[in-house]
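Since every read-out is calculated from the coordinates, none of them should be taken as a lab result. Computed from a predicted model, the values in this text were never measured in an experiment. Glycine also receives a Cβ, built like all others from the backbone with ideal geometry; neighbour counts cover every protein chain displayed.
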Amino acid sequence: MSCPSAIAFFDLDRTLIAGNSAKAWVKRQVRDGRMPRRQAARAGLWMGLYHLGVADMPRLIRGAVRGLEGDREAELAADSAAFWRDELAATIRPGAREAIERHRSRGDLLVVLTASSPYLGEAARGALRMDAVLSNRFEVRDGRFTGAAVEPLCFGAGKAVLAARLAARHGIGLEACSFYTDSFTDLAAMEAFGEPVAVHPDPRLRRIARKRGWRVETWGPPPG
């Protein structure tokens, strides 16, 4: 794409897709015998606290990345691609496709902006024919994870920082950009965009969106 004048950024979980990829990943790991049930229960608790907005997610993200130390990047990439194909591809919201095509017809750059991994982000980008991914990234040395996360984290205000960097490379300010998301935890990022849009918002984000006059959209459940 040459010389876009605007960028549309899209959150992944509960926005482009109907569910939560982290929750589905934990279930898959338990089912395949790769994660003890006690560890899964602890992960489920933290995910619940995240949705309540009371978890220290940056600390949890860094802790999860530390847990990858020594693992091969290629294995996680392959597992993530299979996970997307088997369990997430069918959960794309129909309204997500419509919104993407609307922005595509305008010539906008299309970007996945997610706190998830780059491997899931890339799977979503490819499935929806989008242009780029901004996500949490993990330091890799000689094909293996070092256990360090690349800063800044793609979470909360960090999403706006990374989005602004990408936009600046195209000579665009965030005031000319849209950001679609479902979560109150993205509020600090939403405030940086010219067009914040709440999609299937959680109760707190819905209240704020209505108060501030932000658009609220319903993109529907996936077919079937």
Ranking of V112, V65, V30, V150 by count of other Cβ atoms within 10 Å, fewest first: V150, V30, V65, V112
Packing-based exposure ordering (other Cβ within 10 Å, fewest first) of D182, D11, D142: D142, D182, D11
Sequence of S135, S116 once ranked by neighbouring C-beta atoms within 10 Å, starting from the fewest: S116, S135
Potential extension, E75-K23 segment - 0.36 nm per residue separation minus Cα distance: 16.7 nm
Span-rule helices in the chain, defined as complete DSSP H runs reaching 24 Å or more along the axis (Cα) with Kyte mean at least -1.0: none
Beta bridge orientation in the chain: antiparallel %, DSSP, nearest 5: 25
Cα-based shape type of the range 146-224, given that a ≥ b ≥ c are square roots of the gyration tensor eigenvalues and the cut on a/c is 1.5: prolate
Positive minus negative residues near I17 (Lys, Arg vs Asp, Glu; Cβ under 12 Å): 0
Hydrodynamic radius by Kirkwood, which averages 1/r over all alpha carbon pairs of the range 7-217, in angstrom: 17.6
Neighbour count of at most 15 Cβ within 10 Å plus DSSP loop: longest GluC sites (Glu not before Pro)-free window in the chain: 70-190
